[in-house]
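A short worksheet on the structure shown next.
All of the numbers you see were taken from the coordinates with simple rules; none came from a lab. Predicted, not measured: the structure shown is a model, and the values here were computed from it. When we count neighbours, we look across all protein chains shown, and the Cβ atoms used for this are built from the backbone with ideal geometry, even at glycine.
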Ligand SMILES: [Fe+2]
Ligand SMILES: [Fe+2]
């Protein structure tokens with residue numbers, strides 16, 4: 001009997017029913033992550049300088065530290081993309097701007113929440129491919145992204161949101 005060839009490559013699923021992870025797919029996803037790290041660098045560099053109001057001076061200096069950590073993250077992700085045989089992207093995700101300090105902090109918080117969601121998924125995806133060292137590096141990034149999330153939520157006077165609640 002002839003085998004059916006109606007199932008396209010892109011919808012292949014693994015034993016768990018989830019789309020099968022491939023090296024090429026992981027490179028694409030890590031490039032998305034890299035574009036988000038660039039976005040975070042730009043946002044933290046700019047926002048740390050334009051925050052207005054005495055109440056926000058502490059968070060402004062924390063944002064400067066975040067900027068440096070996001071640069072480290074970008075270097076780590078770019079290195080892993082190169083290791084996997086891909087080419088690191090040169091394009092950041094767009095960065096929003098506002099005159100309102102609280103809005104700026106909210107943009108950062110929203111981005112951190114999305115980044116945490118992505119890295120949580122990425123750890124599992126790396127493990128599916130047996131890329132345990134990359135998974136380990138991403139776990140360390142996740143710890144720092146969660147610290148960023150807490151700093152921002154604290155500055156906004158809210159509880160850190162649960163990134164798993166969509
Ligand atoms: Fe980061
Ligand atoms: Fe971050």
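Per residue, how big is the convex hull around the C-alpha atoms of the chain? Give it to me in cubic angstrom, could you?
134 Å³
Relative to the longest principal axis of the chain, what angle (0 to 90°, nearest 10) does the C-alpha long axis of helix 23-50 take?
10 degrees
Taking the Cα atoms only, what angle lies between the long axis of helix 57-83 and the longest principal axis of the chain, rounded to 10 degrees?
20 degrees
Ignoring everything except DSSP H segments at least 4 long, calculate the 222 nm mean residue ellipticity for the chain; use -39,500 (n - 2.57) per segment, divide by total residues, nearest 500.
Mean residue ellipticity, 222 nm, calculated: -23500 deg cm²/dmol.
Over the Cα atoms of the stretch 127-166, how large are the radius of gyration and the largest Cα-Cα distance (Dmax), in Å?
Cα only, the stretch 127-166: 13.4, 41 Å (Rg, Dmax).
Run the numbers for residue 129 and residue 96: contour at 0.36 nm per residue of separation, minus the present Cα-Cα distance, in nm.
Separation in residues times 0.36 nm, less the Cα-Cα distance, equals 8.4 nm.
Output the relative contact order of the stretch 22-156, whole-number percent, from Cα pairs under 8 angstrom with separation of 6+ residues.
30 percent
So if each residue of separation counts as 0.36 nm, and I subtract the Cα-Cα distance between residue 46 and residue 121, what length gain in nm does that give?
On the way: separation 75, 0.36 × 75 = 27.00 nm, distance 2.88 nm.
Between residue 46 and residue 121, full extension yields 24.1 nm more.
What is the distance, in nm, between label points placed 7 Å from the Cα along the Cα-to-Cβ direction at residue 24 and at residue 110?
3.4 nm
Got a sec? How would 154, 89 order by Cβ neighbour count within 10 Å, fewest to most?
154, 89
Using a Förster distance of 41 angstrom, determine the FRET efficiency expected from the C-beta separation of residue 68 and residue 158, and round it to 0.05.
Working: r = 25 Å, r/R0 = 0.61.
With R0 = 41 Å, the Cβ-Cβ based efficiency is 0.95.
By its C-alpha gyration tensor, with a ≥ b ≥ c as the square roots of the eigenvalues, how is the stretch 26-105 shaped: rounded for a/c under 1.5, else prolate for a/b larger than b/c, else oblate?
On the way: a/c = 4.16, a/b = 2.36, b/c = 1.76.
Taking the square roots of the gyration eigenvalues as a ≥ b ≥ c, the stretch 26-105 is prolate.
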